[in-house]
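See structure below.
Nothing in this text is a laboratory measurement; each read-out follows from the coordinates by a stated rule. The shown structure was predicted, so the numbers you read here are calculated from the model rather than taken from an experiment. So basically every Cβ, Gly included, is an ideal-geometry build from the backbone, and we count neighbours across all protein chains shown.
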Amino acid sequence: MTEAQMLQDSLLNNKAAQEFLYQTYSPKMLGVCYRYAKNRMDAEDMLQEGFIRVFAQLHQFRNEGSLEGWIRRVMVHTCINHLKKNKRFNEFVDISNAAYLHSNEDFIPAIIQAKQIVECIRSLPVGYKTVLNLYAIEGYSHKEIASMLEIEEGTSRSQYARAKGMLENLLIKKGIISSPIKQKTIGKATHG
């Protein structure tokens, strides 16, 4: 079944086409939901709610861009709404406890096992994780994030900066990347 046929039949409430659409996109969309969720059960709830919206709003898809991209946007908005509804977005780390965080993007290697990074991202506080996902992974601007989450643009920027710092510290702690202090020491020892 082609994507166009699947889309057309799904719009006509053809259950087989809708099942095919779900089976085609649900694995990737579960991954999207999992990045925002606290656990797998929450991710599955978000996925279910997201696909209910996908099928309810499918008539709004205008073939401007990919169907997968459109479904992803529906899923992201569903996840954000789920977090807001359950007041989970307000679970921030106290700023005074986050003051020690520092980020240096230069030393995060380009190739790291994705599963380890995803687990570290998932362990971040909900607010940090949400902004990090929206900005770094989904590609939304801080202005768009602020609008979606009903926060100030500066809050989005600071949450992102803190999320990067906290993620960096988690990656160092788990031995996925090395400390910038160790790298500077090693660099001096090898060049000196």
Checklist outcome for this item: Placing each pseudo-label 7 Å from Cα in the direction of the beta carbon, Lys85 and Lys115 end up separated by a distance in nanometres of 3.2
Item to check | In order through segment 141-148: 3J(HN,Hα) via Karplus (6.51 cos²θ - 1.76 cosθ + 1.60), integer Hz, x for Gly, Pro | outcome: 7, 5, 5, 5, 5, 4, 5, 4
Next on the checklist: What distance in nm separates the two pseudo spin-label positions at Arg53 and Leu12, each 7 Å out from Cα along the beta-carbon direction?
Outcome noted: 2.9
Checklist entry - Label-point separation (nm) for Gln60 and Asn169, each offset 7 Å from Cα along Cα-to-Cβ? => result 3.9
